[in-house]
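Student: Quick one: structure below, then a few questions.
The values are calculated or read from the model by the stated rules, or taken from the named source; none is laboratory data. Since the structure is predicted, the reported quantities are computational estimates derived from the model, not experimental observations. Ideal geometry is used to build each Cβ from the backbone, glycine not excepted, and the neighbour counts take in all protein chains shown. Heavy atoms of the whole protein, side chains included, go into the accessibility calculation; ligands, DNA and RNA do not. Shrake-Rupley method; radii C 1.70, N 1.55, O 1.52, S 1.80 Å.
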Amino acid sequence: DRTTTASLIAHLAEFDARRLYLPAGYPSLYAYCVGELHLSEDAAYKRITAARAGRQFPLIFDALADGRMHLTAVGLLAPYLTAGNAAELLGAAAHRTKAGIEELIAGHFPQSEALGLVTALPASPGRAEEQLAGRVGMGGSGPTAAPAAQLAPERVGPLSKLTAAAAQRYLLEVSIGQTTQEKLRYVQDLLGHELPSGDLAQLLDKALDALIEKLEKRKFAASNRPRRSVRPSSNPRHIPAQVKRAVWERDGGQCTFVSEAGHRCLERKLLEFDHVEEVARGGTASVAGIRLRCRAHNQFEAECTFGAGFMREKREAAQRSAKARRWESEASARAQVRARARAAAEEVVAPLRSLGFRADEARHAAALCEAIPEAALEERVRRALSYFHQPRTSAQGTMSQGGVA
């Protein structure tokens, strides 16, 4: 059994590295393990974690095969393994129980024992298995996805707990912040006539209806009174609103990629409108020429058409361009802040001159106001006057006070 498990882990590691789950019709390795291999969510989490750690540190495969380590141990150790300590930690973890592994980690990576009397809860606390799911990467929706699998692949985020309580009835457990609580109370007040009881389940249902309407309008231009676009776009990649609506309805809001075995990708998030025939090859934005694809399969199709190397270069170039734009935007914002600060300081010079201070003294005093550009003029003048009550050293080394040497 141990040898079989180690062999499966090694195959998953290679399968993951080659992204072979994509041509099989799955957006992530997690979705493939649950949907195709029919592993439980917890089993998928543990095996994917072990596979990725084993690909980086091959000693793990041998340790699993001969029984020196179990999957839980690999999951606990994986976040702490580095090229410098892997051999030592894996050797020390041999034949230890879960509690023994936790003690080993505590000894090598001690944490502070001090706990605050009041501890703020995270936005939505998740179980250890759910947090592990975020690290190993998840995807998929529908019958193959667990409630914890609502994050994009490779993304870690807070999770709430949704469990089935009865037929078509569910329990939702989530922690919210003070701001969210205030919004909730405010909505209950606004719905006082329509929903006197303030029932949270009914309130949530109404809130989701409103949010869905807004998101559908933004995502694919949903409208109760659609009108045909009369202004053609010169951008060949532009997709008219009526085409988006028709394609979304036709494809059922689901990725349309189908594997050679006939499996259709079940992904319903991170969907993109994709040209059946590439724009570079004359593809048009018509209902027949557009389809829904999840981001993973959209990129996979592009790599199949143009080559993985070409698409990698395009993505890297896009990332560099985005980084350059962010830098320019941040530089522009900083320049605007400095300009506002200088303008606020310059505005103080005239009042100081009217009080009889020399021009150079007024400019030096006004410079203090650059730190409070949004303050009222009176407050800025008061801050500038504090300059004359501070002892200053002149160029000749003598002390001056209040502008008088």
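Student: Being part of a helix (DSSP H, G or I), open to solvent by 100 Å² or more (accessible area, probe 1.4 Å) and modelled with pLDDT under 90 narrows it down to one residue among LYS323, LYS314; which is it? Steps first, please.
Tutor: Values: LYS323 fails: modelled with pLDDT under 90.
One residue alone meets the criteria, LYS314.
Student: Turning to a different aspect of this structure: Which ones in the stretch 167-213 are of a type in the set (Val, Ile, Thr), surrounded by 10 or more Cβ atoms within 10 Å (Cβ to Cβ) and in a helix (DSSP H, G or I)?
Tutor: Passing the criteria: THR180, VAL187, ILE212.
Conditions tested, residue by residue: (1) modelled with pLDDT of 95 or more; (2) over 29 Å from ALA296 (Cα atoms); (3) among the hydroxyl-bearing types (Ser, Thr, Tyr).
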position	(1), (2), (3)
TYR45	no, no, yes
ALA83	no, yes, no
THR97	no, yes, yes
GLU103	no, yes, no
PRO110	no, yes, no
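Student: For the stretch 247-262, state whether one or more residues are among the charged types (D, E, K, R) and farther than 30 Å from VAL34 by Cα. Steps first, answer last, please.
Tutor: First, the residues of the stretch 247-262 that are among the charged types (D, E, K, R): 249-251, 260.
If we keep only those that are farther than 30 Å from VAL34 by Cα as well, we get none.
Scanning the stretch 247-262 turns up no residue that is among the charged types (D, E, K, R) and farther than 30 Å from VAL34 by Cα.
Student: Does LEU266 satisfy the condition of being under 30 Å from LEU171 (Cα atoms), at pLDDT 90 or above and exposed (fewer than 13 other Cβ atoms within 10 Å of the Cβ)?
Tutor: no
Student: Related question: Might you let me know whether the stretch 82-99 holds any residue that is touching a helix residue (DSSP H, G or I) at 6+ places or on another chain (Cβ under 6 Å), closer than 30 Å to LEU266 by Cα and of a type in the set (A, V, I, L, M, F, W, C)?
Tutor: No - not one qualifying residue is present in the stretch 82-99.
Student: Restricting to the stretch 377-390, name every residue that is part of a helix (DSSP H, G or I) and open to solvent by 50 Å² or more (accessible area, probe 1.4 Å).
Tutor: Across the stretch 377-390, the qualifying residues are LEU377, GLU378, GLU379, ARG382, ARG383, LEU385, HIS389.
Student: Answer yes or no as to whether GLU278 is modelled with pLDDT under 90, surrounded by 10 or more Cβ atoms within 10 Å (Cβ to Cβ) and acidic (Asp, Glu). Steps first, answer last, please.
Tutor: Values: modelled with pLDDT under 90: yes; surrounded by 10 or more Cβ atoms within 10 Å (Cβ to Cβ): yes; acidic (Asp, Glu): yes.
So GLU278 fits the description; yes.
Student: Among the numbered criteria (1) open to solvent by less than 50 Å² (accessible area, probe 1.4 Å); (2) touching a residue at least 40 places away in the same chain (Cβ under 8 Å); (3) of a type in the set (Lys, Arg), which single criterion is violated by ARG293?
Tutor: Every listed condition holds for ARG293 apart from (2).
Condition check ((1) part of a helix (DSSP H, G or I); (2) open to solvent by 50 Å² or more (accessible area, probe 1.4 Å); (3) of a type in the set (Phe, Trp, Tyr)) across all residues:
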site: LEU215; (1), (2), (3): yes, yes, no
site: ARG218; (1), (2), (3): yes, yes, no
site: ALA222; (1), (2), (3): no, no, no
site: ARG225; (1), (2), (3): no, yes, no
site: HIS238; (1), (2), (3): no, yes, no
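Student: Take the stretch 50-59 and flag every residue that is part of a helix (DSSP H, G or I) and either open to solvent by 20 Å² or more (accessible area, probe 1.4 Å) or without any contact (Cβ under 8 Å) to a residue 40 or more places away in the chain (or both).
Tutor: Quick first cut of the stretch 50-59, residues part of a helix (DSSP H, G or I) only: 50-56, 59.
Listed by number, the residues that qualify are ARG52, ALA53, ARG55, GLN56, LEU59.
Student: Name the residues in the stretch 329-376 that are of a type in the set (Gly, Ala, Ser) and surrounded by 14 or more Cβ atoms within 10 Å (Cβ to Cβ), would you? Let's see the steps before the verdict.
Tutor: From the stretch 329-376, those of a type in the set (Gly, Ala, Ser) are 329, 331-333, 335, 339, 341, 343-345, 350, 354, 356, 359, 362, 365-367, 371, 375-376; that's our starting set.
Matches in the stretch 329-376: ALA341, ALA344, ALA345, ALA362, ALA365, ALA366, ALA367, ALA375.
Student: Pick out the one residue from LEU22, LEU37, LEU8, LEU12 that is open to solvent by 10 Å² or more (accessible area, probe 1.4 Å) and either assigned to a loop (DSSP other than H, G, I, E, B) or under 19 Å from SER259 (Cβ atoms) (or both).
Tutor: Values: LEU22 fails: open to solvent by 10 Å² or more (accessible area, probe 1.4 Å); LEU8 fails: either assigned to a loop (DSSP other than H, G, I, E, B) or under 19 Å from SER259 (Cβ atoms) (or both); LEU12 fails: open to solvent by 10 Å² or more (accessible area, probe 1.4 Å).
Answer to the selection: LEU37.
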